[in-house]
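Structure first, then comments.
The values are calculated or read from the model by the stated rules, or taken from the named source; none is laboratory data. Treat the numbers as computed from the prediction; the structure is a model and nothing was measured. Positions of Cβ are generated from backbone atoms using ideal geometry, with glycine treated the same way; all protein chains shown enter the neighbour counts.
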Amino acid sequence: MPIGEFGGAPELPAENQPVFSTGLYWLYEMGQAALNPSRAIADVTRLSLKNPLNPFANTPFGKTLAAAAEVFERSTRRYSKPEWGIEDTVVGGERVPVHIKTVWERPFCNLLHFERVFDRQPRRPQPKLLIVAPMSGHYATLLRGTVEAFLPNHDVYITDWIDARMVPLAAGRFDLDDYIDYVISILHRLGGDCHVIGVCQPSVPVLAAIARMEAEGDPYTPHSMILMGGPIDTRVNPTGVNKLAEDRGIDWFRHHVITKVPFPHPGMLRDVYPGFLQLNGFVSMNLDRHLDAHKDLFFNLVKGDGDSAQKHREFYDEYLAVMDLTAEFYLQTVDTVFVRHALPKGEMTHRGVKVDPAAIRKCALLTIEGEKDDISGIGQTEAAHVLCRNIPADRKVHYLQLGVGHYGVFNGSRFRSEIAPRIADFVLSCQLPGTRKAAPRAVA
């Protein structure tokens, strides 16, 4: 069950774990294994009925059977991490190739650089932009559209979080403190001359990391931070998922959603919040919509509407690909952000040291919210302005985008046409010497 876009906290000792939780992942793996023969038969059936030499291929019966086979196979498979599929972009009216390179590595995260290969350098400044992707179940590729929107005018980097079931126990734990350490380390790797975007869940650790850096006089503090649809203060306009966390309490999550990674995965015996449970939560929040989508897929396949079927495949190949989160990260973040509201109360710590957003003075702040966001309510991200009270007023901007929900804040047509240009202008205003004044506070 997803809690906003969050995860994180202390592990429950193995002897206190309920049998249900401990064996849940093993039962899931057994179910996947049991379905393998059926999936194989469905796939063979689908392929045989696509063969033009098959006399049943173009009959109503053949099309119906092939459609049913594909829907069954797609509904029961485990989806792997999608490819980025970004090979080029347009900069200054010219198409340039993009090479994706790993420039920083840790056990639970790689830093990817979308390196654009220029024949001649563009005239427009190309600020360095770090996108901190959510570690909340989906892979960083969910932000493919976000990356594509910024590539024409920015030097883009993104955190590519690693599926916890693929990280051996020998690599150690990963919790919210480690997450903050990773963000600080990446900012050091980028040399400080950059801007950072926290998309949804990372808003809290990004804010915490920059607060710790400014408190210590770190010279690698970024020029600006952009927080998008993040749960800075979930006491403001709490949503259903916010209330669920507060009502259940951390012990409920520890006992009901934490399990161990089974053999033969590299992370065997690691305590995790498994991706399949998160996916169940994602889907159950809009079950009718997902059922209708799969029904539409079936009928589109039967009538031969390949374009609509392909759009469905592309969306669900991404949406249904999920990763495991370490138990300590998931529980600690739920407890810190949604149960105790530690950051807005001034009680959040990092490695035992208080996180004080008031220490931020140099880094500019832009917050962005969606009018119809049902995960991070209106005002939850804007609360960062109250906490960061020592950032000059002309370097703080809040923007409310009308007509979009949670995912519309960082993806889709409204994002590309209305949100991304505002972010680009804000970044540029904070980048150029002598023009650091932010745009006026706006609602659109």
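Couple of notes before you dig in:
- Enumeration of residues in the stretch 384-419 that are surrounded by 18 or more Cβ atoms within 10 Å (Cβ to Cβ) and of a type in the set (Val, Ile, Thr): 391, 397, 404, 409, 419
- If you check 177, 193 for being at pLDDT below 95 and either in contact with a Lys or Arg (Cβ under 6 Å, 6 or more places away or on another chain) or more than 24 Å from residue 337 (Cβ to Cβ) (or both), only one passes: 193.
- Residues within the stretch 163-184 that are closer than 21 Å to residue 259 by Cα and either of a type in the set (Lys, Arg) or free of Cβ contacts under 8 Å to residues at least 60 places away in the same chain (or both), tallied: 3
- Selection within the stretch 212-257 - free of Cβ contacts under 8 Å to residues at least 60 places away in the same chain and under 21 Å from residue 181 (Cβ atoms): 213, 216, 217, 218, 219, 220
- Scope the stretch 357-378; condition among the hydroxyl-bearing types (Ser, Thr, Tyr), modelled with pLDDT of 95 or more and in a loop (DSSP other than H, G, I, E, B); matching residues: none
- Residues satisfying the stated conditions in the stretch 259-304, i.e. in contact with a Pro (Cβ under 9 Å, 6 or more places away or on another chain) and either closer than 15 Å to residue 166 by Cβ or assigned to a loop (DSSP other than H, G, I, E, B) (or both): 261, 266, 267, 268, 269, 270
- Some residue of the stretch 296-313 being farther than 27 Å from residue 57 by Cα and under 22 Å from the mean Cα position of the chain (by Cα): no
- Residues in the stretch 93-131 that are touching a residue at least 60 places away in the same chain (Cβ under 8 Å), part of a loop (DSSP other than H, G, I, E, B) and surrounded by 14 or more Cβ atoms within 10 Å (Cβ to Cβ): 107, 108, 127.
- Residues of the stretch 340-356 classified as in a helix (DSSP H, G or I) and over 21 Å from the mean Cα position of the chain (by Cα), total: 3
- Subset of the stretch 345-399 [in contact with a Cys (Cβ under 8 Å, 6 or more places away or on another chain) and more than 20 Å from residue 196 (Cβ to Cβ)]: 375
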